[in-house]
Amino acid sequence: MPVSRTQLLEWIKPEAFTAAELEYIKLLKPGDYEIYSEKLSTIVDEAAEVFVKTGVTSMLHSGDLVVGIYSPAGDMIVASCGTYLHAVTAQLPIKYVLGAFQEEPTVGIKEGDIFYCNDGLYGGIHNPDQIAFMPIFFEGTLIAWSCAAVHQAETGAVEPGGMPLSAKSRHYEGMKLSPIKIGENYQIRADLMEMMENMISRAPRMQVIDVRARVTAANRIRIRIQEFVAAIEPAVLWGLFRQMLLNSEQGARKRISDWPDGKFSAVSFSDTLGTVESLVRTKLTIIKQGDHLTFDFSGTSPENEGPVNAFAHITAAHTAIYLYAYAFHDLPITSGTFAPLDFIIPQGSLLNAGSEAAISQSVYACWQLTTLTPIVFSKMMYGSKQRELVTSAAGNNHTVPFVYAGINQWGVKIADLLGYPFNAEGGGARSDMDGVDCYGFPYAHYGRGPDVEDVENETMFLHLFQNELIDSGGPGKYRGGTAVQTMLLLHHTPRAFINTMGVTSRITVGQGLFGGYPPPIVPGVQISGSDVVELFQAEKAVPRDIIELARDKVIHGDYRFERTARPSRLLMKGDLISAIGSGGGGYGDALERDPLLVMKDVKQKRISYQAARDIYKVALDPDTGHCDLEETQKMRQAERKDRLTRGKPYAEFIKEWSLLKPPDEMLINYGTWPDAKANRPIIRI
């Protein structure tokens, strides 16, 4: 049976020290920690390379993965991460297996065993995130665990792609594997592989190859750890494990102690739940006291009938995306950093839904954390030694992921995600510099964009264009990084299914910092029955970006401009469809941006002439592009005066603001207005 939510949350933290482990630490000689900890990092990095080279799913090639080493008790010791999310949650099914099966005579834990899991009730994130993990033995003793996990975009759900927009309960979501033993004696069982292949009939080749890739990566760690232990003995390894956990915990506590005590809050909204347009909010308050943080999500909207729900441990794990990349960026990636953290996540909220809830889009239930954590931590860190880490949120108003399914040009059944626009969103602006243009995926900071040629070879699409989207970064003293825009042509096959996902079409989830603007909302675009192939054959010019495409309509066909979340639909050969990423949030007042940087951005087509004039108030010659600094100063002075005219005293503003309310039809899933308390039952069958 699944374990309790409270237990899963507790398992994110390291297990209590034993007296023996404290003695093992004493076995480390001077220099051993530095050398041996680096050795472990090298082992997982090698395994990550093996993983990427042996699998086929696009998110594996893009880097949305983790391989890690875990203690005999299941605590995360070190990981090579595309995404920190999996590193945290992979330890949960390990701890479940230890508790449920170690003494179970029909299962047990033996050398050569291979375990597998993807069910959120047992510690996973959502169905597409499949985890292989193996016990590592030395001379008959369990000395460690290894794991390899990656997002695989097919689960046999009611829609292709593993994240069905139409799911209303867990029973819509396809394959859900509680932790099971899929192999013994270092061999995957053929019957269980056949079972998974049968469940994932839209993409059986991908399922088989990527299961083997996960196991291969986990096994590479096993081999290297056994070689390592043969040279140093198990007790030294366990002392190293415990010292790494201790160092990361102590480092986290010292870092937290440097920040001011208090309560720090932020709130974010989104307007899309799967296929439904509906307003919801997420609220985060962090209570900082001494060397301890409490994350309180009270005030978040209730769970809903759709797929945009999460469980408590999933929500907690999402904080790692920010913590390991920013606040704790220089600390070891171990579960020790979570020792000083506690979580209050109300049962029945969309961040801690019931066990029958659909969670296939749990990452979108938690998407607003990618905005809230930078805001809340920036308030804490701005007055500390970590001011340089104060950063706006990376891109999160988008029309990706883009899911496709069908028969590719080689006659192979495929169902996957388009990796490039997902892994080329704009980075958030910092307190001292612009966000990185097309930096990566907010969930996988080390994510990579696959080559266009590889995508076109593997799939059924050609790229009409793929380049930076102008004005996609949030304006500010330092602007957010730009995002990628892609337009795809279904060409190689007569038909295919697609869907796209997102959490917003009207309201910006992403926010700027300290006066910076959010990145803009982007649309979905589709042209059915296009004549673009005829234009190619006639050697005529075709549009080079979304704006040119929509403005000039050189390509004939049925144009559709729509919301970011697009339910599964059939595309026919010749149809065009967009996948547009999101820019990052801006930082600081746009009127304080260096006019020469604005001039440079316009020349490089990262911002438009209109944005330079209307937002940054920079005077540029429309013919030469040169900046008139004197006129710019006058424009900015005039804008500052206008701001004072437009401004209102807070009491007057809040009196008017408090009377405003969204339409009732947008509040069906919000909860009570404005405090977002549950106001109706959710019934699932």
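The values are calculated or read from the model by the stated rules, or taken from the named source; none is laboratory data. Please read these numbers as outputs of a predicted model, since none were measured by experiment. A quick note on method: Cβ atoms are made from the backbone with ideal geometry, for glycine too, and the neighbour counts reach across all protein chains shown. Keep in mind that these areas ignore ligands, DNA and RNA; they rest on the heavy atoms of the full protein, side chains included. Shrake-Rupley method; radii C 1.70, N 1.55, O 1.52, S 1.80 Å.
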Taking Cα atoms, how many degrees apart are the long axis of helix 190-199 and the longest axis of the chain, rounded to 10 and kept between 0 and 90? 20
For TYR33 and GLN604, calculate 0.36 nm times their separation in residues minus their Cα-Cα distance, and state this gained length in nm to one decimal. 200.8 nm
Hey, what's region 315-409 come to in accessible area per residue, 1.4 Å probe, Å²? 21
Tell me the accessible surface of GLU38 in square angstrom (1.4 angstrom probe, heavy atoms of protein chains only), to the nearest ten. 110
Taking R0 as 30 Å, what's the FRET efficiency between ARG544 and LYS53 from their Cβ-Cβ distance, rounded to 0.05? 0.30
For ARG495, ARG636, ARG253, ARG544, give me the order by solvent-accessible area with a 1.4 Å probe, most accessible first, ignoring ligands, DNA and RNA. ARG544, ARG495, ARG253, ARG636
Can you say what percent of the DSSP beta bridges in the chain, counting only those with both residues inside, are antiparallel? Round to 5. 95
Within the set LYS29/LYS95; LYS477/LYS605; LYS53/LYS540; LYS13/LYS385; LYS13/LYS288, which residue pairs have Cα atoms separated by over 28 Å? LYS29/LYS95; LYS53/LYS540
For THR294 and MET433, calculate 0.36 nm times their separation in residues minus their Cα-Cα distance, and state this gained length in nm to one decimal. 47.0 nm
Label-to-label distance, nm, for residues given as LYS413 and ARG387 (7 Å Cα→Cβ offset): 6.0
Quick one: length gained pulling GLN226 to GLU652 fully straight, 0.36 nm per residue minus the C-alpha distance? 146.5 nm
Quick one: putting +1 on the C-beta of Lys and Arg, -1 on the C-beta of Asp and Glu, what dipole do you get for the chain around its Cα centre, in Debye to the nearest 20? 1340
Rough spin-label spacing in nm, given labels placed 7 Å along Cα→Cβ, for ARG506 and THR18: 5.8
Relative contact order in percent for region 465-564 (Cα pairs under 8 Å, 6+ apart) equals 29
Relative contact order, percent, of region 76-180 when contacts are C-alpha pairs under 8 Å separated by at least 6 residues? 24
Report, to the nearest 10°, how far helix 369-381 tilts away from the longest principal axis of the Cα atoms in the chain, using its own Cα long axis and a range of 0 to 90°. 90
According to a simple spin-label model (label point 7 Å from Cα along Cα-to-Cβ), what is the distance in nm between ASN679 and VAL452? 4.9
With all protein chains present, how much of the accessible area of the chain (probe radius 1.4 Å) comes from carbon and sulfur, to the nearest whole percent? 54
Let's see if you can work this out: charge +1 on each Lys and Arg Cβ, -1 on each Asp and Glu Cβ, no other charges. What is the dipole magnitude of region 389-492 about its Cα centre, in debye to the nearest 20? 300
Computed, not fitted: 222 nm per-residue ellipticity of the chain from DSSP H runs ≥ 4 (each -39500 (n - 2.57)), nearest 500, equal to -9500 deg cm²/dmol
Sequence gap at least 6, Cα distance under 8 Å: using those rules, report the relative contact order of the chain to the nearest whole percent. 13
Ignoring ligands and nucleic acids, what accessible area does LEU596 show with a 1.4 Å probe (Å², nearest 10)? 90
Pairwise centroid distance, computed over Cα atoms, of region 559-607 with region 211-281, Å: 32
Heavy atoms of the protein only, probe of 1.4 Å, neighbouring chains included. What is the accessible area of PHE338 in Å², nearest 10? 0
Where does each of TRP145, TRP673 land when they are ordered by accessible area, with a 1.4 Å probe and the largest first? TRP673, TRP145
With r defined as the distance between the Cβ atoms of HIS626 and SER265 and R0 fixed at 35 Å, what FRET efficiency is calculated, to the nearest 0.05? 0.20
